[in-house]
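Written below as structure tokens is the structure these notes are about.
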Amino acid sequence: MSALRIVGVGGTTRPGSSTERLVAAVLDRCRGEGADTQLFGGAELAALPHFAPEKPERDAAQRAFVEAVRRCDGLVIGTPGYHGGVSGLVKNAIDLLEDLRGDVRAYFDGRPVDLVVSAAGWQAGGVTLSALRGIVHAMRGWPTPVGIAVNSIEQTPFDAAGTLADPGIAGAIGAQADQIMAFTRAMAR
């Protein structure tokens, strides 16, 4: 069997955001388990033009993003929780995946999806994680049982060197990576 392909999507316009680094941490664990990974972080997401369903033309960045998701076996989606919802940056990228509607494997069909939220408070984190689960279900995906919601006011996921510092978050990242790899392997058979 060829290496599984896991695509990560998430971040903010702030370079090195905790959301992007959390998604990258899950991808790192997946890569350690033999997956090929690709991250579309904040800079890549910010470069995507606004999704306009009436305009089917796509630029190179949009085509690369859609094609990466089309070919992937599993996804990791991370977003900051802005006012209890998915950020516009991440939602725009998800909306662009409307281009997958006519595929044999439409949208996220048959793919496990890890979900990561970083928010300034537990309520915003929980509500945003629930909203992401709803989006993934609507797009025919399988949210993994372990979802990560980090309260950035009370938790510091990374130390000054960029290493995961919180053992609880590190454990959740490991569990998420294990789940997406196990589910992806099972679905690829």
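Miscellaneous remarks
- Segments 154-164, 83-93 sorted - mean Cβ within 10 Å per residue, highest first: 83-93, 154-164
- Of Phe108, Ala170, Gly10, farthest towards positive along the dipole that unit charges on Lys, Arg, Asp, Glu beta carbons give the chain: Phe108
- Per residue accessible area of the range 1-129, 1.4 Å probe, in Å²: 44 Å²
- Full-stretch length increase - Lys55, Thr13 - with 0.36 nm per residue and alpha-carbon distance subtracted: 12.6 nm
- Label-point separation, Val104 to Ala46 (7 Å along Cα→Cβ), nm: 3.9 nm
- Each peptide among 114-127, 57-70 gets the average number of other Cβ atoms lying within 10 Å of its residues, and from highest to lowest they stand as 114-127, 57-70.
- Difference of contour (0.36 nm per residue) and Cα-Cα distance, Ala3 to Arg31: 9.1 nm
- What a 1.4 Å probe finds exposed on the range 82-189 is 57% carbon and sulfur by accessible area, rounded to a whole percent.
- Relative contact order of the chain, defined on C-alpha pairs under 8 angstrom at six or more residues apart (%): 22 percent
The values are calculated or read from the model by the stated rules, or taken from the named source; none is laboratory data. Keep in mind the model is a prediction, meaning the values are calculated, not measured. Note: ideal-geometry Cβ built from the backbone for every residue, glycine included; neighbour counts use all protein chains shown. These area figures cover heavy atoms from the full protein model, side chains too; ligands, DNA and RNA do not enter into them. Shrake-Rupley method; radii C 1.70, N 1.55, O 1.52, S 1.80 Å.
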